[in-house]
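Working notes, structure below.
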Amino acid sequence: MSVALEYKNGEFVKGATRGNGQVGEDITDNLKTINNIPKKLKENVDIIVRGEVFISKKDFDELNEKQDEDNKFANARNLAAGSLRQLDSSITATRPLDIYIFNVQKSETIEFKSHYESLVYLEKLGFNVNPIKVLCNNIDEAIKEVENIGNTREEIPFGIDGAVIKIDDLKLREELGTNFKSPKWAIAYKYPPEQKE
């Protein structure tokens, strides 16, 4: 589930669901229960970041082993989303939620030239950034990497259904703009659904 985290002077002050892209549901108390969300950054900056809350495959399987047959969870994605929407944050705290930060949404004081540069900075601040990020020099390299991720997705410790190719140059992103619902500078490639017995 995609969330936004707001920091003032390096302190975590608010977190929300993506909602309609402009206004989301305040889930600050529930997000505070996730260990990989820093309460204090390594620099005193004002910044809003976006991330994806998830439950790893291993943690999901272990949690489901503890459930009786009638109360097993259907999938990790729905469990993560449901856990963040709990009215009681003590219930959220019992779920093995994790997060990867993938974007700087807003910063008044820091300017970046590229998306990859911003990801490196987010790691420096203390955020858990998705380790599967590859800077490609051209579309052929990007397509090859999407194929590589698809071929190795069973080995990835969290569930994925696709990969996203993004324009790295932030000025070029501005020029390209967005459609009604999505940016013109990014495209998601969806893998075929996994099939199991």
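The values are calculated or read from the model by the stated rules, or taken from the named source; none is laboratory data. For clarity, every value in this text was computed on a predicted model and none was experimentally measured. Every residue, glycine as well, gets a Cβ built from its backbone with ideal geometry; the counts of neighbours run over all protein chains shown. Heavy atoms of the whole protein, side chains included, go into the accessibility calculation; ligands, DNA and RNA do not. Shrake-Rupley method; radii C 1.70, N 1.55, O 1.52, S 1.80 Å.
Give the stretch 15-39 a look and list any residue that's in contact with an Asp or Glu (Cβ under 6 Å, 6 or more places away or on another chain) and in a strand (DSSP E or B), or say none.
Answer for the stretch 15-39, where residues must be in contact with an Asp or Glu (Cβ under 6 Å, 6 or more places away or on another chain) and in a strand (DSSP E or B): ALA16, THR17.
Working carefully through the options PHE60, PHE73, PHE12, PHE54, find the one that is more than 20 Å from the chain's Cα centre (by Cα) and aromatic (Phe, Trp, Tyr). Give the steps one after another, and end with the answer.
On the way: PHE60 fails: more than 20 Å from the chain's Cα centre (by Cα); PHE12 fails: more than 20 Å from the chain's Cα centre (by Cα); PHE54 fails: more than 20 Å from the chain's Cα centre (by Cα).
Every option except PHE73 fails the conditions.
Among the residues of the stretch 148-197, which ones are surrounded by 12 or more Cβ atoms within 10 Å (Cβ to Cβ) and of a type in the set (D, E, K, R)?
ARG153, ASP161, LYS166, ASP168, ASP169, ARG173, LYS184, listed by residue number.
Inside the stretch 126-185, can you point out the residues that are polar (S, T, N, Q) and closer than 25 Å to LEU97 by Cα?
In the first step, residues of the stretch 126-185 are kept if they are polar (S, T, N, Q); the result is 128, 130, 137-138, 148, 151-152, 178-179, 182.
Residues satisfying the conditions are ASN128, ASN130, THR152.
One residue is enough: does the stretch 125-132 have a residue meeting the conditions in contact (Cβ under 8 Å) with a residue 24 or more places away in the chain, more than 17 Å from the chain's Cα centre (by Cα) and either open to solvent by 60 Å² or more (accessible area, probe 1.4 Å) or farther than 13 Å from GLU52 by Cα (or both)?
No; the residues of the stretch 125-132 include none that is in contact (Cβ under 8 Å) with a residue 24 or more places away in the chain, more than 17 Å from the chain's Cα centre (by Cα) and either open to solvent by 60 Å² or more (accessible area, probe 1.4 Å) or farther than 13 Å from GLU52 by Cα (or both).
In the stretch 86-100, is there at least one residue being touching a Gly at 6+ places or on another chain (Cβ under 7 Å), of a type in the set (Val, Ile, Thr), part of a loop (DSSP other than H, G, I, E, B) and open to solvent by less than 20 Å² (accessible area, probe 1.4 Å)? Give the steps one after another, and end with the answer.
Taking the stretch 86-100 and keeping what is touching a Gly at 6+ places or on another chain (Cβ under 7 Å), we get 99-100.
Keeping just the survivors that are of a type in the set (Val, Ile, Thr) gives 99.
Those still in the list that are part of a loop (DSSP other than H, G, I, E, B) too: none.
No: the stretch 86-100 contains no residue that is touching a Gly at 6+ places or on another chain (Cβ under 7 Å), of a type in the set (Val, Ile, Thr), part of a loop (DSSP other than H, G, I, E, B) and open to solvent by less than 20 Å² (accessible area, probe 1.4 Å).
Filter the stretch 155-180 for residues that are under 24 Å from SER56 (Cβ atoms) and of a type in the set (A, V, I, L, M, F, W, C) and give the result.
ILE156, PHE158, ILE160, ALA163, VAL164
Any residue at all in the stretch 107-122 that is farther than 23 Å from LYS166 by Cβ, without any contact (Cβ under 8 Å) to a residue 60 or more places away in the chain, of a type outside the set (Lys, Arg) and open to solvent by 70 Å² or more (accessible area, probe 1.4 Å)?
No, the stretch 107-122 contains no residue that is farther than 23 Å from LYS166 by Cβ, without any contact (Cβ under 8 Å) to a residue 60 or more places away in the chain, of a type outside the set (Lys, Arg) and open to solvent by 70 Å² or more (accessible area, probe 1.4 Å).
Looking at GLY24, is it within 26 Å of ALA163 (Cβ to Cβ), surrounded by 14 or more Cβ atoms within 10 Å (Cβ to Cβ) and at pLDDT below 90?
Working: within 26 Å of ALA163 (Cβ to Cβ): yes; surrounded by 14 or more Cβ atoms within 10 Å (Cβ to Cβ): yes; at pLDDT below 90: yes.
In short, yes.
Would you mind telling me which numbered condition in (1) closer than 26 Å to GLY162 by Cβ; (2) surrounded by 15 or more Cβ atoms within 10 Å (Cβ to Cβ) ASN75 fails?
(2)
Could you check GLY51 against (1) surrounded by fewer than 18 Cβ atoms within 10 Å (Cβ to Cβ); (2) in a strand (DSSP E or B) and say which number it fails?
(1)
Scanning the stretch 55-72 for residues that are open to solvent by 30 Å² or more (accessible area, probe 1.4 Å) and outside any helix (DSSP H, G or I), which turns out farthest from GLU6 (Cα to Cα)?
Looking at residues that are open to solvent by 30 Å² or more (accessible area, probe 1.4 Å) and outside any helix (DSSP H, G or I), I get ASP68.
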